[in-house]
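Asks: Below: one structure in structure tokens.
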Amino acid sequence: MKSILRKTASKLLNFALPLHCTFCENRDELSLKIGICKKCIPLKSHEKKTRCFVCKSILEGEVCEYCSSRNIFFERLEYLSIKKDWETNLINKIKFQDEPLLSNFFRMDFKKKWKLFQFPKFSFLTYIPSNRRTIKNRPLSPIHSIEEILEKKTGLKLKYMLNKVSKENQSGRTYRERFIHAYSSMEIKPEFENKLSGNILLIDDVFTTGATMNETSRILLKNGAEKIYLLALLRGE
Ligand SMILES: [Zn+2]
Ligand SMILES: [Zn+2]
């Protein structure tokens, strides 16, 4: 409740006062919308690396090491940006410094990107659940910035379909531990048990090891979904 009040107050404040860039205090028409000025938006570098069609890992040889070393339960991952230092800093500012406006960064060019993804028709939109501690520490999930556009594009409501079982947070664990931990860290909510069908779009803020998204895909398939497509705001390099 407190955080809602604070957010509303800061929204009103931002409306009344011109908004400065969170990174450099500069002010321009972009900083008014997303809290970042044009100067502070990183230049888009045209990537020359080839990425795996399914998981978007950088391909070293012909075979994707990621996909060939485990069971992949999703059809394809798409992402909005590659997570470099700047993007990591941005997402931390959104999550931990209560800068909700910054998440509008992910709305930039979203419609154009969505078109390029060429996703099929979906029957459900869902996202990775957070545990209570995380929700308390992160008053606003960065994916809320694209929720409205997503719902409009798909004609579906974003649904909370899974519960997190584990009380422990994924970050701070080693790579190996994350994979082991991913198993049984979630369960389907009773109302969706064996009631899923068609294609499902699963959304999360960051795809790093992909362990959680892959395991969530498995649970969704187990409960009747046909194919799972992933959308991450950021993908680890
Ligand atoms: Zn700036
Ligand atoms: Zn792959």
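The values are calculated or read from the model by the stated rules, or taken from the named source; none is laboratory data. From a predicted model like this one, the values you see are computed outputs, not experimental measurements. Here the Cβ is made from the backbone with ideal geometry for all residues, glycine too, and neighbour counts use every protein chain on show. For the accessible areas, the whole protein counts, side chains as well, though only heavy atoms, and no ligand, DNA or RNA atoms are used. Shrake-Rupley method; radii C 1.70, N 1.55, O 1.52, S 1.80 Å.
Asks: Would you rank His46, His20 by solvent-accessible area, highest first, keeping every protein chain in place and using a 1.4 Å probe?
Replies: Per-residue accessible area, sorted high to low, gives His46, His20.
Asks: Here's a follow-up. In nm, to one decimal, how far is the modelled label at Phe117 from the one at Lys157, with both set 7 Å along Cα→Cβ?
Replies: Each label point is offset 7 Å from its Cα along the Cβ direction, giving 2.1 nm.
Asks: Ok, one more. Tell me, what is the 1.4 Å probe accessible area of Tyr66, in Å² to the nearest 10?
Replies: About 20 Å², rounded to the nearest 10.
Asks: How much net charge surrounds Glu62 when only the other residues with a Cβ under 15 Å from the Cβ of Glu62 are counted, with Lys and Arg +1 and Asp and Glu -1?
Replies: Neighbourhood net charge equals 0.
Asks: Taking 7 Å along the Cα-to-C-beta vector as the label spot, tell me the Arg51-Asn71 distance in nanometres, rounded to one decimal.
Replies: Those two pseudo-labels are separated by 2.6 nm.
Asks: Assuming R0 = 41 Å, what is the FRET efficiency of Glu62 and His20, from their Cβ-Cβ distance, to the nearest 0.05?
Replies: Between Glu62 and His20 the formula returns 0.25.
Asks: Note down the magnitude of the dipole of segment 44-236 about its Cα centre, charges +1 on Lys and Arg C-beta and -1 on Asp and Glu C-beta and zero elsewhere, to the nearest 20 debye.
Replies: 240 debye
Asks: Please compute the length gained on full extension between Asn194 and Phe110, using 0.36 nm multiplied by the number of residues separating them and subtracting their Cα-Cα distance.
Replies: Gain in length upon complete extension: 27.0 nm.
Asks: Using 0.36 nm per residue of separation minus the Cα-Cα distance, give me the extension gain between Lys39 and Glu177 in nm, one decimal.
Replies: 45.8 nm
Asks: Give the residue list of trypsin sites (Lys or Arg not before Pro) in segment 14-83 that are DSSP loop and have at most 10 other beta-carbon atoms within 10 angstrom.
Replies: Loop-located and lightly packed - Lys44, Lys48, Lys49.
Asks: What FRET efficiency, computed as 1/(1 + (r/R0)^6) with R0 = 22 Å and r the Cβ-Cβ distance, is obtained for Glu148 and Arg27, rounded to the nearest 0.05?
Replies: Between Glu148 and Arg27 the formula returns 0.30.
Asks: Give me the accessible area per residue for segment 44-236, probe 1.4 Å, as a whole number in Å².
Replies: 55 Å²
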